[in-house]
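Here's the structure, in structure tokens; my notes come after.
The values are calculated or read from the model by the stated rules, or taken from the named source; none is laboratory data. None of the values given here were measured: they were computed from a predicted structure. Glycine gets a Cβ as well: all are built from the backbone with ideal geometry, and neighbour counts include every protein chain shown. In case anyone asks, the SASA skips ligands and DNA or RNA and just uses the protein heavy atoms, side chains included. Shrake-Rupley method; radii C 1.70, N 1.55, O 1.52, S 1.80 Å.
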2 protein chains.
Amino acid sequence: MDALDILVKHDIKPSLQRLAVMEYMLTHFTHPTVDEIFSSLSPSIPTLSKTTIYNTLSLFEEQGVVLYLGIDKKNARFDGNTSHHAHFRCKNCNAIIDIFNQKPEDVVLEGHPELVIDDVQTYYTGYCKNCKK
Amino acid sequence: MDALDILVKHDIKPSLQRLAVMEYMLTHFTHPTVDEIFSSLSPSIPTLSKTTIYNTLSLFEEQGVVLYLGIDKKNARFDGNTSHHAHFRCKNCNAIIDIFNQKPEDVVLEGHPELVIDDVQTYYTGYCKNCKK
DNA sequence: AATAAAATTGTAATGATTACAAATGTAATT
DNA sequence: AATTACATTTGTAATCATTACAATTTTATT
């Protein structure tokens with residue numbers, strides 16, 4: 001499924017800018033920051049504004065086509081892979097690594113039937129291969 | 001175990017300010033922000049500086065006596081309960097609720113023997129009892 | 001007491017994010 | 001095709017949590 005299909009399916013009007021951001025997220029599973037996305041797209045869309053990236057990602061997140069990651073203290077990060085997986089962040093080099101081999105957490109929490117769960121994020125922190133001593 | 005014991009045990013020199021912050025964290029399991037801690041302690045320690053709260057919580061986190069929570073986009077939050085549990089945040093009222101009935105995630109991740117895991121945080125998001133329709 | 005080291009404080013800088021109004025683009029209607 | 005309404009984008013300015021840093025105060029050491 002390409003960028004256009006995803007936007008249309010989620011009732012997002014596919015403007016040039018939105019298509020470019022969606023396309024970027026589908027080809028860069030690097031958990032990019034707003035700045036990284038902007039820097040990458042800016043040359044090919046010279047009029048692009050950083051505010052548009054913020055607006056677009058905010059819209060995408062509301063519609064569930066990207067995930068917001070709060071794993072990094074400094075910047076918001078986004079993930080175009082919305083399937084269930086966790087994330088690991090290296091304390092030293094700040095690399096963010098996907099963790100796929102995880103059992104899904106319960107979407108209905110035992111002992112908390114009163115809560116409506118929309119999303120679960122699991123963040124591991126430690127040292128990656130290169131940074132551990 | 002009281003505030004003094006915890007600080008001494010973790011090689012943290014127990015100054016007046018540090019004791020006050022530790023004491024606060026042991027009596028307020030509300031996942032407070034820096035501002036909330038500062039506002040609460042400021043009247044009884046008139047010279048207190050917000051920078052000291054930042055410094056102190058940063059030190060506490062390094063020494064493992066409090067947990068940093070990245071569950072709230074706006075502010076850092078801290079938890080004086082360092083035992084294993086997850087957190088839920090209501091999208092509407094922003095309340096943060098402890099989730100205790102969770103099985104611990106694997107500290108050694110299957111499929112990722114190269115990673116050294118120091119910490120795991122699980123964040124649920126959704127609507128609390130009062131805010132669900 | 002004098003000196004050194006550590007902790008605290010206040011102010012200023014940083015920098016990501018948001019607010020907002022103007023400009024542009026798109027769709028609908030006559 | 002002109003007109004109107006509406007949605008999107010853009011640029012600038014404001015916000016505000018956090019950090020940097022130097023000065024001051026406190027605590028420990030000789």
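So for segment B:83-133, averaging the separation of alpha carbon pairs under 8 Å that are six or more residues apart and normalising by length, what relative contact order in percent results? Before the final figure, lay out each step's value.
Details: 63 pairs, mean separation 23.4, N = 51.
Averaging sequence separation for qualifying contacts and normalising by length gives 46 percent for segment B:83-133.
Sum up the charges of everything whose Cβ sits under 15 Å from the Cβ of B:Asn92, counting Lys and Arg as +1 and Asp and Glu as -1, but leave B:Asn92 out.
Numbers: positive: B:Lys73, B:Lys74, B:Arg89, B:Lys91, B:Lys129, B:Lys132, B:Lys133; negative: A:Glu62, A:Glu114, A:Asp118, A:Asp119, B:Asp72.
Value of the local net charge: +2.
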Check your understanding: Where is the GNM fluctuation largest for chain A (alpha-carbon springs, 10 angstrom cutoff): A:Ile117, A:Ile45, A:Ile71?
Key -> A:Ile117
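Of the listed peptides B:57-66, B:120-129, what is their order by residue-averaged count of other C-beta atoms within 10 Å, with the highest listed first? Please list the in-between numbers first.
Numbers: B:57-66: 17.1, B:120-129: 19.5.
Listed from highest to lowest mean packing, they are B:120-129, B:57-66.
Counting only protein heavy atoms and using a 1.4 Å probe, what share of the accessible area of the protein assembly as shown belongs to carbon plus sulfur, as a whole percent?
Numbers: 7410 of 14340 Å².
Ligands and nucleic acids excluded, carbon and sulfur give 52 percent.
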Exercise for review: Would you tell me the accessible area of B:Glu36, worked out with a 1.4 angstrom probe on the heavy atoms of the protein chains, in Å² to the nearest 10?
Suggested key: 80 Å²
Review point. Can you tell me the Rg and Dmax of segment B:1-80, counting just the alpha carbons, in angstroms?
Key: 11.6, 33
Review point. At a probe radius of 1.4 Å, what is the per-residue accessible area of B:Val34, in Å² to the nearest 10?
Key: 10 Å²
Check your understanding: What is the diffusion coefficient of segment B:22-133 in µm²/s, taking the Kirkwood radius over Cα pairs and the Stokes-Einstein relation at 10 °C with a viscosity of 1.306 mPa s?
Key -> 101 µm²/s
Check your understanding: Where does the charge balance sit around A:Ala3 when Lys and Arg score +1, Asp and Glu -1, over other residues with C-beta under 14 Å from its C-beta?
Key -> 0
**Study point:** Volume of the Cα convex hull of the protein assembly as shown, divided per residue and given in Å³
**Key:** 169 Å³
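Okay, helix-only estimate at 222 nm for chain B: each DSSP H run of n ≥ 4 adds -39500 (n - 2.57), divide by all residues, round to 500 deg cm²/dmol; what do you get? Provide the component values of the computation, followed by the final result.
Details: 4 runs with 40 residues, N = 133.
About -9000 deg cm²/dmol.
How charged is the neighbourhood of B:Leu48? Take every other residue with its Cβ under 15 Å from the Cβ of B:Leu48, and add Lys/Arg as +1 and Asp/Glu as -1. Walk me through the intermediate numbers first.
Values: positive: B:Arg18, B:Lys50; negative: B:Glu23, B:Asp35, B:Glu36.
Around B:Leu48, the surrounding residues sum to -1.
Calculate, for the protein assembly as shown, the solvent-accessible area per residue in square angstrom, rolling a 1.4 angstrom probe over the heavy atoms of the protein chains.
Numbers: 14340 Å² over 266 residues.
Per residue, the protein assembly as shown has 54 Å² of solvent-accessible surface.
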Review point. Can you put A:His85, B:His28, B:His112 in order of accessible area, largest first, using a 1.4 Å probe?
Key: B:His28, B:His112, A:His85
Review point. Shortest first and in nm to one decimal, what separations exist between A:Gly111 and its copies in the other chains, measuring from label points 7 Å along the Cα-to-beta-carbon line?
Key: 2.7
Check your understanding: Efficiency by 1/(1 + (r/R0)^6): what FRET value for A:Glu23 and B:Ser83, r their Cβ-Cβ distance, R0 = 30 Å, to the nearest 0.05?
Key -> 0.10
Exercise for review: Could you state, as a whole-number percent, how many of the C-alpha pairs of segment A:84-133 are farther apart than 13 Å?
Suggested key: 63 percent
Practice item. Report the one residue of A:Thr122, A:Cys93, A:Leu109 whose Cα lies farthest in the direction of the positive end of the charge dipole of segment A:84-133 (charges on C-beta: Lys and Arg +1, Asp and Glu -1; origin at the Cα centre). Key: A:Cys93
Revision key, fill the gap. Farthest towards the positive end of the dipole of segment A:6-52, among A:Ile45, A:Pro32, A:Ile6 and with Cβ unit charges of +1 on Lys and Arg and -1 on Asp and Glu, lies the Cα of A:Ile6
Revision key, fill the gap. If labels are modelled 7 Å from Cα along the Cβ direction, A:Gln63 lies from its partners in the other copies at nm distances, smallest first, of 5.0
